[in-house]
1. Accessible area per residue of the stretch 223-325 at 1.4 Å probe, in Å²?
2. How fast does the stretch 196-238 diffuse by Stokes-Einstein, in µm²/s, taking the Kirkwood radius from C-alpha pairs at 25 °C and 0.890 mPa s?
3. Counting each DSSP H run of 4 or more residues in the chain as -39500 (n - 2.57), what helix-only mean residue ellipticity at 222 nm follows after dividing by all residues, to the nearest 500 deg cm²/dmol?
4. Based on the Cβ-Cβ distance from S107 to T413, what FRET efficiency comes out when R0 is 51 Å, to the nearest 0.05?
5. Regarding the stretch 167-245, what are the three Cα extents along the principal axes, ordered largest first, in Å?
6. How far, in nm, would the chain grow between V404 and S265 when pulled straight, counting 0.36 nm per residue and subtracting the alpha carbon separation?
7. Sort 123-130, 406-413, 503-510 by packing, meaning the average of other beta carbons within 10 Å per residue, with the highest value first.
8. How much net charge surrounds M439 when only the other residues with a Cβ under 13 Å from the Cβ of M439 are counted, with Lys and Arg +1 and Asp and Glu -1?
Amino acid sequence: MRRHYDYCPLMNNLLYKHNILNHHNPYTTKRDMTSTSISATTLYVHFLLFIVTFFSFNHQLSFAFSSQEYHEALEKSILFFEGQRSGRLPYNQKLTWRGDSGLSDGSSYHVDLVGGYYDAGDNIKFGLPMAFTTTLLAWSVIEFGSSMHDQIDNAREAIRWSTDYLLKAATTTPDTLYVKVGEPSMEHGCWERPEDMDTPRNVYKVSPQNPGSDVAGETAAALAASSLVFKDSDPAYSSKLLIAAINVFHFAERYRGSYNDSLNSVVCPFYCSYSGYNDELLWGASWIYKASGISSYLEFIQSNGHTLGADGDGYTFSWDDKRPGTKILLSNEFLEKNSEEFGLYKAHADSYICSLVPGTSGFQAQYTPGGVLYKGSASNLQYVTSTTFLILIYAKYLSSNGGVVMCGTSRVTETNLINLAKKQVDYILGDNPTKMSYMVGFGERYPNHIHHRGSSLPSIHEQPQKISCNSGFQFFNSGSPNPNVLVGAIVGGPDSHDNFFDDRNNYQQSEPATYINAPFVGALAFFSAQ
């Protein structure tokens, strides 16, 4: 039986969609303004918050952290991925409290699906968030790898751990993509180390009869972006990734449909593709074009951009909705080459940026009193890290091409964007009202009761005897800190009033996830070089 406290953080996206949690759609930051019953007091409070946020944005922020501290955080943000590894661990594993796990994944289906990452605090492997994580890790290296210095090899290794798995998932069986291993309903009823798990490891796939253009499009993006990462260091591997990306994209485009419809309760409500699959098709094509330069993908983008979501302004970049990321990525084609056909993407990228910048025309975002972006009560920092990453990439694109963003009459520069991004990064690292770092293992005070099975249970090296499904709950319910420090993990984060409760039962705030960390890697690399 599934326990009420162990929903995946993204379970709440389903609730948001039905306006249960916050009475507004999670995929837009614009509040419903149809009501005229807003009190004068409420308006005054919002005005004061706006003034504080506007003042912070328009004045040069002092550096709360040194470049060395940003680099330390970068190292730890990459190290986190070792704690999420599934499969046989390598000899140079640094998080030594982990052990081998999932070594028979896929075997009952006569396919090798060993490896990859567990997405969050449980032991399931979901293809959609894993692929998105991989795309953003790769994009981090593409844009900011030159600032990673001694961490560049670790970043590549984190990417390769995932791409090795995605290659197997995408190439083992023709016209098939394996997209999930494990049973959440049973997994969430247990509190087990990944090394001990004995719940069913059922395998799920998409195929021509049961399409999944969303998960396949994201997988294509991940493989294509990663091919750029290895282009110089391992050309043969890079070519293998790009060929796989092209094949997976053709599968996604030829057999169109959402994996929600094909797999239903297998993926919903955990990682439902609420935004549909059009955004992933455009995203995947954009990355293949960037990686290959093949003109047919440019033609696909030009011919299908309007119908695949280029016209709509999506303001939430996440494992589900790729529209803002695609527009930022493609806007560089306009900025670098002044290609008129990409002007649309530059315009929409500007609208996205304006929605985030206080005091400008088009501003829609919500910030907490402490100054961090706020989009939802569960795992809010996933939106903070992904948004911050896009802001910094756009700042880089603008800087390289002498561009600015015009938000009405307000002129937003590269420096403005860097200051806004820095506020978000510093908040996560400890410059916030609670004076707590939301990165485990960074700073003097950080969460130590995180919602994570492997971290909260005794290491298999310390206690080799099996800890059964139900026996693990004695550790879950314990008030003691987690015995294993999941260094670098960024948790879900505080609520809309900057409050945070360090409680294992509080999965909305205390559960880490790979897709929270992945974009933060790039942001930290940027600031470590300042």
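The values are calculated or read from the model by the stated rules, or taken from the named source; none is laboratory data. Keep in mind that this is a model prediction, so the values were computed, not measured. Don't worry about glycine lacking a Cβ; one is built from the backbone with ideal geometry, like all the others, and counts go over all protein chains shown. For accessibility, only protein heavy atoms count, side chains too; no ligands or nucleic acids. Shrake-Rupley method; radii C 1.70, N 1.55, O 1.52, S 1.80 Å.
1. Per-residue value: 35 Å².
2. D, rounded to a whole number, is 189 µm²/s.
3. Rounded to the nearest 500, it is -14500 deg cm²/dmol.
4. With a Förster radius of 51 Å, E is 0.40.
5. 44, 33, 19
6. 45.5 nm
7. For the peptides 123-130, 406-413, 503-510, the packing ranking is 123-130, 503-510, 406-413.
8. That works out to -4.
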